[in-house]
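Rule-based calculations on the coordinates, nothing more; no lab input. Treat the numbers as computed from the prediction; the structure is a model and nothing was measured. Backbone-built Cβ (ideal geometry, glycine too); neighbour counts: all protein chains shown.
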Amino acid sequence: VTTIVGGAFSGCLSLETITIPDSVTTFGDREFWDCKNLKEVFCEPTTPPTIGVDVFGWCPLYRIYVPHESVEAYKREWSAYSSSILGYDFGK
């Protein structure tokens, strides 16, 4: 999987956490729009995937975990979510 199409998980109330595999390079618009229970995202790619509009709109989203060495890159590329981005050891 390299691309997650727009709205793929939109409105999924059972989604609380998700791991984005290293192969993903692109998110469309509103991927996780209105996922009212989504609190944690584990994003494995070292290079931040390109994101569309309002990817995490209307989500409580407390933390986005990314590889330690990529924290600053994610904060630049995903600036709307920079306060939620933290480094994580994916053990690779």
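For the condition surrounded by fewer than 16 Cβ atoms within 10 Å (Cβ to Cβ) and either closer than 15 Å to residue 4 by Cβ or without any contact (Cβ under 8 Å) to a residue 12 or more places away in the chain (or both), what is the one hit in 26, 46, 17? 26 is the lone residue from the list that is surrounded by fewer than 16 Cβ atoms within 10 Å (Cβ to Cβ) and either closer than 15 Å to residue 4 by Cβ or without any contact (Cβ under 8 Å) to a residue 12 or more places away in the chain (or both).
Could you grab me the full set of residues in the range 53-68 that are in contact with a strand residue (DSSP E or B) (Cβ under 6 Å, 6 or more places away or on another chain) and part of a loop (DSSP other than H, G, I, E, B)?
Result: 55, single match.
Considering only the range 50-61, I want to know if a residue exists there that is within 25 Å of residue 91 (Cβ to Cβ) and among the charged types (D, E, K, R). No: zero hits.
Contact map, the range 75-92: residues that are within 17 Å of residue 60 (Cβ to Cβ) paired with residues that are among the β-branched types (Val, Ile, Thr) and part of a helix (DSSP H, G or I), Cβ distance under 9 Å, separation 6+ or inter-chain. Pairs shown: 85/71; 86/71. Among (1) surrounded by 13 or more Cβ atoms within 10 Å (Cβ to Cβ); (2) hydroxyl-bearing (Ser, Thr, Tyr); (3) in contact with a strand residue (DSSP E or B) (Cβ under 6 Å, 6 or more places away or on another chain), there is one condition residue 82 misses while meeting the rest; what is its number? Condition (3) is where residue 82 drops out.
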